[in-house]
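Nothing in this text is a laboratory measurement; each read-out follows from the coordinates by a stated rule. All of these numbers come straight from a predicted model, not from anything done at the bench. Note that each Cβ is placed from the backbone with ideal geometry, even for glycine, and that neighbours are counted across all protein chains shown.
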Amino acid sequence: MSGKKKRRQLKLLIIPVLMLGIAILCYPFISGYLNQKNQSRVVENYQETIGDMTDTDADSVTEEAEKFNRKLWEENGTVFGGYSSELSGLYSSELDEDGIMGYLSIPCIDITIPIRHGTAEDTLANACGHMEGSSLPVGGKNTHAVLTGHRGLPTSKLFTDLDQLKTGDKFYLHVFGRTLAYMVDQISTVLPGDVTQLGIFPDIDCVTLVTCTPYGINSHRLLIRGVRTTYEPEEENNTKSVRAFSGEARVTWLLIIGAVFAIFLMVLLIPAYYRRKLRKKG
């Protein structure tokens with residue numbers, strides 16, 4: 001085999017290898033974008049379903065959840081622990097609308113994801129989970145709801161950007177027609193088994209968001225606590241994400257990269273194609 005033929009075959013081999021490499025690099029972004037769209041559809045379906053409920057029915061659901069929380073406070077006090085047999089039997093049916101308890105919105109890092117019961121792997125693959133043993137996320141004095149989510153999944157964004165939250169930032173819970181606003185007042189890092197900060201604080205209404213840290217190492221847990229504050233719809237709706245590289249932005253950049261790569265291939269291949277044709281004619 002001549003040297004020219006070997007070089008030509010090598011060039012032809014490089015092209016599919018490059019394309020495969022680009023596809024592998026793009027997969028997490030595209031997959032994450034599609035999952036984000038799917039989470040948005042789940043949230044929209046939830047909004048439509050709750051919107052079709054009467055105020056009386058929605059209030060009845062949240063009132064039952066409030067009774068659950070009062071019972072939890074009476075049984076456990078400030079100590080984070082499991083549910084009694086009575087509460088365990090009720091848990092899965094509380095705030096249940098086709099498996100959705102509500103949804104979490106963090107505008108400053110462009111997160112809107114469903115909240116589901118428990119922390120099983122299939123739950124955390126595409127939502128944030130409500131940690132059993134904590135208060136249900138309906139607010140009220142003597143409540144502390146704990147929501148947990150993954151970071152760095154190749155197929156979903158979830159809590160990946162949670163470490164960008166700062167004291168004073170706000171996040172929102174949308175649960176059966178009610179919107180609860182929380183302002184971040186405490187950020188801490190603890191070992192996985194440390195639950196001392198997850199108990200109920202007397203007379204306080206708070207929510208803690210939990211995820212793994214440092215990114216990719218996951219040896220500790222990042223706890224971001226928010227305390228209840230006044231809900232201002234304009235603030236939630238008008239807050240712009242300035243710290244997160246949103247799914248739409250990622251796809252836009254991928255399309256730009258793909259277009260540049262396609263042009264590069266055309267510049268590389270078209271002249272070579274015509275040179276071969278000219279050589280054959282000659």
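A few comments on the model shown:
- Listed peptides 131-141, 177-187 appear in the order 131-141, 177-187 once ranked by packing, highest mean of other Cβ atoms within 10 Å at the front.
- Computed Rg/Rh of the stretch 58-246, alpha carbon atoms with Kirkwood Rh: 0.93
- For residue 189 and residue 75, the difference between the fully extended length at 0.36 nm per residue and the C-alpha to C-alpha distance is 38.3 nm.
- Percent of C-alpha pairs per 5 Å bin, the stretch 36-137, short to long: 2, 12, 21, 22, 19, 14, 8, 2, 0
- By average C-beta atoms within 10 angstrom, highest first, the peptides 195-201, 142-148: 142-148, 195-201
- Spacing of the two label points (7 Å from each Cα toward its C-beta) at residue 132 and residue 53, in nm: 2.2 nm
- Projected label points at residue 97 and residue 85, each 7 Å from Cα along the beta carbon direction, are separated by 3.4 nanometres.
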